[in-house]
């Protein structure tokens, strides 16, 4: 190592009740370096960066910036020392425009017109086009992220922390982001890049620190380490890819045609002329960046949003105007993205949550009176079959980890023997081994003759499980393609390419590709 | 430094203990208030909580009064608790209580002087319908036009009070009352009387109905799908929709049930303890029942106990006013403290307090 590190972290430990989030973590970020922090969900990455940004204080250990002790008491102190952070979840007001949103986060905001000028300057300098006067509510997820990045760049940071920045971007947008980050690095800004996507890290980063269960398990130069090696360090074992035989497709079970739904809220996404034909035994993958109508599509399929009767048919029976339970009775089951509050009630026990969707098909009530014994038996069966780690079925849903609750939710639907299952983000925030189990369960279900729709932002996941692929972009579905032979480039274009960046960047993209 | 830390699941022990703790804290803070007013705090607390039950001089009068007061409180609070659990906030039970009494009394008086044994049952039904109809106004406005049921139901209380005053001085006024406002004495007419069923207990049909409501609510919430849907809609509205619960239906059902029960309470009151429609017929049961519902943790058995406790502080408060000349607003503040402390200590059932020994960073 040459010269003092920009930020050195020495023996940081942070414990929460029941879990040690960081255990004696040490590493250093050099000036002008893109440093990757790599680890599974729950490895302690977020806790670590929260401490760097002054949101959480370590129990023990120390940090130093340019050799001087660094212990920010609050984010403001961290920002004053040149640390900026782009969060995974944006904190923007939809009803305000870009400049207003940015000025809200500033200590001494300049006048709107001056600020707009600075926003335009910075965004042009770094290839992040942004109109300061557009409403944030009208922006795509990628554009919103640009707002957050520009907000950080206006502070002229020495260290930019990015938490899972690409989870909301199309492949083309990822390329644009990477170009910006490389420009920043060349100007001397250090970047701490948090991700669990190995290929990205190999493409971008100079140095990687790998966390597992709160501990540093390795350092490597990602440009010289294979993805497989890094994955093994990250997970601690090598994972088997889900096995599947070539599926035999049956007749069409679910048909959606000409489905259009107006948004329920001013900034919601309308669905436009959605058409789907799902065959028995088929896994249809629907890709797309968050906020392009995934939730709306699931609601239209689950029956939470009623539509014209003929726009959704199950085995040729029109069901578009039926509610969720009537659809369940016919065999159409769904698992929404949001586990707590949508797929499950956080404060209710797993027994009560089993009743939530399984009442119809499992006959858990007699003329309105609940058969708690049968419900408990069903919940226990789901817990055992899907290896849900919990002390028992009487535990509240919110006491479970994300992965375990997701296994419960998916298991609850699959064990009702659906004819068609629609899942949205089945492995979002789930650790790798649970994700593999969930994917396997989806494939097994299709193998047994059910039709499955998997809506996901994780393209690797879709390529792994889906027989056919389509993309949801601004409420419209692209044509369905067989998964085999699809390249990331094609998929990216199906996802809408780089949102609103058509003119100058298309050529640049092609030049780079 | 004190720090609050969310519990993974609500603590069962604290859920049971917080009402008791709230009562104790109310006694302490109330005692300080009474002391500041120059009264003996120990004596005041004893008069409020002990004398109504066990004082040889007062108990024979006060004990039956506890059921008389607790009956309507419990009946109304049970109805409200269903809505509160579903996230439907009916604050206007007082108005529904008035309208139940008005509708029931109007039904009976319209048939005066008939002696038919069907008149009292008819009045009961009319009373329930009156309260139900008054609650349907916020329900329909909410489901059709997305108005806020808190505001609509509350403001309708004042409309109901005007209607009550108008009825007492006009439509329902006793024609033989020499021009005084107020209806005929319903409890002196055999056909319309809601009598004390067991002498010197205060037990009347309204108290019986309240006990039945407690049992029905218990069964509904624990065994029936509808109770499950009510809880689900309150805790996780999106999950409720996903489970196929129709939110509009639930709003109508919850407001309707609480309105009907409040109407019943009004009817039993006007035919029993109050005896007639008068301008000042309503004494705030509909508002106090909100406190009772929360004090009882929205649980039927809890509401039963909370209603009895609240009735005790009512009777005891009156005694304290009489014996110690404590002003009425101080008694009301004392009762208000109960809800205040309950909400304050409530945090303990969902959070645990950690004391950070670590100094500055």
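The table below lists the values:
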read-out: Residues (surrounded by fewer than 24 Cβ atoms within 10 Å (Cβ to Cβ), touching a strand residue (DSSP E or B) at 6+ places or on another chain (Cβ under 9 Å) and farther than 16 Å from residue A:261 by Cβ) located in the range A:285-301; value: A:289
read-out: Residue within the range A:142-155 that is touching a strand residue (DSSP E or B) at 6+ places or on another chain (Cβ under 9 Å), within 22 Å of residue A:288 (Cβ to Cβ) and either not in a helix (DSSP H, G or I) or not assigned by TED's automatic domain parsing to the domain that holds residue A:199 (or both) present; value: no
read-out: Members of the range A:59-92 that are away from every other protein chain (no Cβ under 14 Å) and touching a helix residue (DSSP H, G or I) at 6+ places or on another chain (Cβ under 6 Å); value: A:84, A:86, A:90, A:92
read-out: Matching residues, the range A:19-32, being touching a helix residue (DSSP H, G or I) at 6+ places or on another chain (Cβ under 7 Å) and surrounded by 21 or more Cβ atoms within 10 Å (Cβ to Cβ); value: A:21, A:22, A:25
read-out: In the range B:285-313, the residues that are out of contact with any helix residue (DSSP H, G or I) (no Cβ under 7 Å at 6 or more places or on another chain) and outside any helix (DSSP H, G or I); value: B:299
read-out: Answer residue from the range B:11-23, given it is loosely packed, with under 14 Cβ neighbours inside 10 Å and over 22 Å from the mean Cα position of the chain (by Cα) and is nearest to the other protein chains (Cβ to nearest Cβ) among those; value: B:12
read-out: Residues (surrounded by 19 or more Cβ atoms within 10 Å (Cβ to Cβ) and over 27 Å from residue A:457 (Cα atoms)) located in the range A:123-142; value: A:132
read-out: Any chance residue A:359 is part of a helix (DSSP H, G or I), under 22 Å from residue A:330 (Cα atoms), out of contact with any helix residue (DSSP H, G or I) (no Cβ under 7 Å at 6 or more places or on another chain) and at the interface with chain B (Cβ under 10 Å from one of its Cβ atoms); value: yes
read-out: Residue count, the range A:494-503 (criterion: at pLDDT 80 or above and either part of a loop (DSSP other than H, G, I, E, B) or out of contact with any strand residue (DSSP E or B) (no Cβ under 9 Å at 6 or more places or on another chain) (or both)); value: 0
read-out: When residues of the range A:340-351 are limited to those that are at the interface with chain B (Cβ under 10 Å from one of its Cβ atoms) and under 20 Å from residue A:438 (Cα atoms), the one surrounded by the most Cβ atoms within 10 Å (Cβ to Cβ); value: A:344
read-out: Verdict on residue B:246 being within 14 Å of chain A (Cβ to nearest Cβ), within 23 Å of the chain's Cα centre (by Cα) and over 23 Å from residue B:131 (Cα atoms); value: no
read-out: Members of the range B:243-273 found to be within 17 Å of residue B:314 (Cα to Cα) and surrounded by fewer than 21 Cβ atoms within 10 Å (Cβ to Cβ), listed by number; value: B:273
read-out: Which numbered condition residue B:33 fails, given (1) buried (at least 16 other Cβ atoms within 10 Å of the Cβ); (2) more than 18 Å from residue B:325 (Cα to Cα); (3) out of contact with any helix residue (DSSP H, G or I) (no Cβ under 6 Å at 6 or more places or on another chain); value: (2)
read-out: Residue match in the range A:167-178 (condition: surrounded by 14 or more Cβ atoms within 10 Å (Cβ to Cβ), under 26 Å from residue A:488 (Cβ atoms) and at pLDDT 90 or above); value: yes
read-out: From A:234, A:162, residue being part of a helix (DSSP H, G or I), touching a strand residue (DSSP E or B) at 6+ places or on another chain (Cβ under 9 Å) and farther than 21 Å from residue A:487 by Cβ; value: A:234
read-out: Residues (in a loop (DSSP other than H, G, I, E, B) and either at positive phi or facing chain B (nearest Cβ under 10 Å) (or both)) located in the range A:324-338; value: A:331, A:336, A:338
read-out: Residue list for the range A:434-453, restricted to those being surrounded by fewer than 20 Cβ atoms within 10 Å (Cβ to Cβ) and in contact with a strand residue (DSSP E or B) (Cβ under 6 Å, 6 or more places away or on another chain); value: none
read-out: Exclusive hit being at negative phi, more than 8 Å from chain B (Cβ to nearest Cβ), in a helix (DSSP H, G or I) and more than 32 Å from the chain's Cα centre (by Cα), set A:354, A:377; value: A:377
read-out: Leading residue by the ranking (farthest from residue B:90 (Cα to Cα)) among those in the range B:219-242 that are crowded, with 23+ Cβ neighbours inside 10 Å and within 9 Å of chain A (Cβ to nearest Cβ); value: B:242
read-out: Evaluation of residue A:147 against (1) out of contact with any helix residue (DSSP H, G or I) (no Cβ under 8 Å at 6 or more places or on another chain); (2) under 21 Å from residue A:195 (Cα atoms); (3) crowded, with 19+ Cβ neighbours inside 10 Å (one fails), failing number; value: (1)
read-out: Unique match (being surrounded by fewer than 20 Cβ atoms within 10 Å (Cβ to Cβ) and facing chain B (nearest Cβ under 8 Å)) among A:321, A:395; value: A:395
read-out: Given (1) surrounded by 18 or more Cβ atoms within 10 Å (Cβ to Cβ); (2) within 22 Å of residue A:461 (Cβ to Cβ); (3) more than 11 Å from every other protein chain (Cβ to nearest Cβ); (4) without any contact (Cβ under 8 Å) to a residue 60 or more places away in the chain, number of the condition residue A:418 does not satisfy; value: (4)
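Let's see how each residue does on (1) modelled with pLDDT under 90; (2) assigned to a helix (DSSP H, G or I):
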position	(1), (2)
A:90	yes, no
A:94	yes, no
A:99	no, yes
A:106	yes, no
A:113	yes, yes
A:129	yes, no
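The values are calculated or read from the model by the stated rules, or taken from the named source; none is laboratory data. All values reported here derive from a predicted model rather than from experimental measurement. So basically every Cβ, Gly included, is an ideal-geometry build from the backbone, and we count neighbours across all protein chains shown.
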